[in-house]
Amino acid sequence: MKPDAKKKVEFFFICALVVLVISFFAFSIYLSKKEENGEFSFNSFKSGFISFEDCIADYEAFWDFIYTEYPFTEVCERKGADLKKIKDEGHKKIEYSAPIDSQNSYISFYAKLCEDITSRYFTGHLYPVSMRDYEYGMASSDSYFKLYDVDLMNSFYSAKPYYTVNSLIGSGARMVKADIKIIEEGKIAYVRIDSFRKRGYAKEYVQYKKDMKKFFLDTEKYKHIIIDVSHNGGGSVECYDSDILSYNNIGRNIRQKIYFLCSKNKYTELNPSFKNNQIDIKEVPNIKNANTKKNTIALYEEDAASFQELSPGYAPPKDRRYWLLISGKTASAADRLAGLCKASGFATLVGSNTGGLGHNGFYSPIHMMLPKSGLLIKFDLLYGLNSEGYCTDEFGTAPDIYNLPDKDALETCLEEIQKLESRD
């Protein structure tokens, strides 16, 4: 090829390339303008298990639920959550990443969203239903299933989605376990339980039942029993009712009356307590401390420990003292235990205020379903109050004895026992 001809080819090639680049940028600007006007979305070129439009529909449904049916929005805001900012930032994340490619990514997005809304306290048990919860708890129908598209729900969880919880409550312990220690032979015994998770009759729960029964038999004549749930984030109430309280409920009348507030919505209307246990809000003790405008309907429930004979002739000392160690990591079923012990006088509470979540009703938590994906969000539908009338999920259950300066709950408890013994 002659030099002049070669130069002409190069010139035309460069011109064509320049035209293509200019056209590309011009078209991109054009599409961006279209996207701003809602006439086009770059996300339409992506593929995923759920479309961009359905992601947005789910997101709007979630926030409508937060503002109208989730009873703890005021608590979350008082704990520092800027809900408008969280919502706007979440919307931007969807615009950037949708359509989301997998159920794993989707459930993780909502887990982080619930973390942000509750400042990682998961107030009112607000977090996505995990695969484990789905398999264990959703196997049988309940009255709330009429609110779900069950086929869509099953389709979502058929992918076995997974996420991790970044929580400020509990210890992260997976299953119930009793760690036993004799502090003073013949007098002071201690058991630490960091979880009440039992998963049916899993082998860990079977072992725990054996260990707790043996613990109470071996310490029958001990005067002081210390039960440490200061790192217990909850689980099943059976772990304390059947295996702690029932063995020691001889003439003690371990019971409490719990008060709640709520609004009228499609979830509360299916709740048995909403149907049967409504009372005048003026009947709620210390109602002035409840601090909610959203929840104006008052209810109550009665909670009581069961009874079973540990063994024929089992007779602990009549002056036996029970001590329950608590902290801000004590939550859910462990918080419910704390409230029951405090209300009945069964045990003296030592430590710091619990993390709450244990006084939001027998039938909590329940679930709401995102309408386009089938993802379930767990939540408590009642705004539970502690004995002082404050929201339990905000203030927790207060101890009878707060930690001494520079001492933990066990050290404080042992000092209190020493004081009592010195008086006798």
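The values are calculated or read from the model by the stated rules, or taken from the named source; none is laboratory data. Remember, it's a predicted structure, so these values are computed and weren't measured experimentally. Glycine gets a Cβ as well: all are built from the backbone with ideal geometry, and neighbour counts include every protein chain shown.
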Checked Ala409, Ala338, Ala334, Ala398 against criteria (closer than 24 Å to Tyr134 by Cα, modelled with pLDDT of 95 or more and surrounded by 18 or more Cβ atoms within 10 Å (Cβ to Cβ)); the one match is Ala334
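Report, by residue number, each residue of the range 112-129 that is over 11 Å from the mean Cα position of the chain (by Cα) and either crowded, with 21+ Cβ neighbours inside 10 Å or not acidic (Asp, Glu) (or both).
Within the range 112-129, Lys112, Leu113, Ile117, Ser119 meet the criteria.
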Options His359, His367: the member that is crowded, with 16+ Cβ neighbours inside 10 Å, at pLDDT below 95 and in a loop (DSSP other than H, G, I, E, B) = His359
Filtered residues of the range 135-170 (kept if modelled with pLDDT of 80 or more and not in a loop (DSSP other than H, G, I, E, B)) | Val150, Asp151, Leu152, Met153, Asn154, Ser155, Phe156, Tyr157
Whichever residue in the range 373-392 is of a type in the set (Phe, Trp, Tyr) and part of a strand (DSSP E or B) and, among such residues, is farthest from Ser263 (Cα to Cα) = Phe379
Identify, from the list Lys87, Lys79, the residue that is among the basic types (Lys, Arg) and either in contact with a Pro (Cβ under 7 Å, 6 or more places away or on another chain) or crowded, with 18+ Cβ neighbours inside 10 Å (or both).
-> Lys87
If a residue has to be polar (S, T, N, Q) and farther than 13 Å from Ala347 by Cβ to count, how many in the range 240-254 make the cut?
-> 3
Could we say that Asn286 is loosely packed, with under 14 Cβ neighbours inside 10 Å, at pLDDT below 85 and either on the phi > 0 side of the Ramachandran plot or touching a His at 6+ places or on another chain (Cβ under 6 Å) (or both) here?
-> no
Show the residue pairs that are 6+ apart or on different chains and have beta-carbon atoms under 6 Å apart, the first residue being within the range 265-278 and in the same structural domain as Glu69 (by TED's automatic domain parsing), the second being of a type in the set (A, V, I, L, M, F, W, C).
-> none
(1) buried (at least 22 other Cβ atoms within 10 Å of the Cβ); (2) within 24 Å of Gly355 (Cβ to Cβ): which one isn't true of Cys55, the others all being true?
-> (2)
